[in-house]
1. In deg cm²/dmol and to the nearest 500, what is the mean residue ellipticity at 222 nm of the chain if only DSSP H runs of at least 4 residues count, each as -39500 (n - 2.57), divided by the residue total?
2. Cα to Cα, under 19 Å, and not fewer than 8 places away if on the same chain: which aspartates and glutamates meet these conditions relative to Lys66?
3. Calculate, for Asn178 and Arg9, the FRET efficiency according to 1/(1 + (r/R0)^6) with r their C-beta to C-beta distance and R0 35 Å; round to the nearest 0.05.
4. Just report the Cα centroid separation between the range 168-184 and the range 38-68, whole Å.
5. Could you tally the net charge around Ile57, taking each other residue with its Cβ under 15 Å from the Cβ of Ile57, Lys/Arg +1 and Asp/Glu -1?
6. What number, in percent, do you get for the relative contact order of the chain if the mean sequence gap of Cα pairs under 8 Å and at least 6 apart is divided by its residue count?
7. Of the heavy-atom accessible surface of the chain (probe 1.4 angstrom), what whole percent is carbon and sulfur?
8. Under 8 Å for C-alpha pairs, at least 6 residues apart: give me the relative contact order for the range 1-75, rounded to a whole percent.
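The values are calculated or read from the model by the stated rules, or taken from the named source; none is laboratory data. All of these numbers come straight from a predicted model, not from anything done at the bench. Don't worry about glycine lacking a Cβ; one is built from the backbone with ideal geometry, like all the others, and counts go over all protein chains shown. Surface accessibility is based on the protein's heavy atoms, side chains included, excluding ligands, DNA and RNA. Shrake-Rupley method; radii C 1.70, N 1.55, O 1.52, S 1.80 Å.
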Amino acid sequence: MEPARISYRIYQGSTFKETLRWESETKQYAQISGVTKAAPCVITTTSAHAIPLNWRIRVLGVLGMKDINTASTTDYYLVTSKTTNTVTLNQINSSDFGAYTTGGIIEWNTPIPLTGYTAQMQIRESIDATTVIHELTSANGGITIDPVNFTISMNISSAVTATFNFDAAVYSMELTDNQGIVYPFLSGSFTLIKEVTR
């Protein structure tokens, strides 16, 4: 697999936190039975869905309230809360949309099951640098893997970022499953914003 590439800023002396989600290419679908004209917008499905909290979704084929349909394959909504057969989209105020009449589906990518996974990430000034600036792992608490919510969270404490003195650095994260298969999950760069209040 090709790792995702993301660049981050770290603010020296501040806590760095980032939560990631790993999607497969397999799509899942849920039929829509209703959409509220409200802020936030709530979509009801005809049966129970398996959409994780804070997962990204697309809405397609809704009639009446056509404004709720995602315009392109790169447009997504985030599920900010949910029940067995509803999802709430906090970023959408549908009170001025047309009334829902019929139809529509929710589409989302199936999450990768994370049970049994471990993670390791290193930060270096360059790819060729022999010195590791900082290492995060699922063993040392720098990375937390949540198989229930399908999240991978990075955490660097303010005490650690206060010691950073690079201008720019590179990093990569690898995930290892319970069969010992290693996946290059994430890579990119860090820019350090120097601390003024210290």
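1. Helix-only estimate at 222 nm: -500 deg cm²/dmol.
2. Those aspartates and glutamates meeting the cut-off are Asp75, Asp96, Glu107.
3. The formula returns an efficiency of 0.55 here.
4. If you average the Cα positions of each part, the centres end up 33 Å apart.
5. +2
6. 31
7. Reported share for carbon and sulfur atoms: 50 percent.
8. 16
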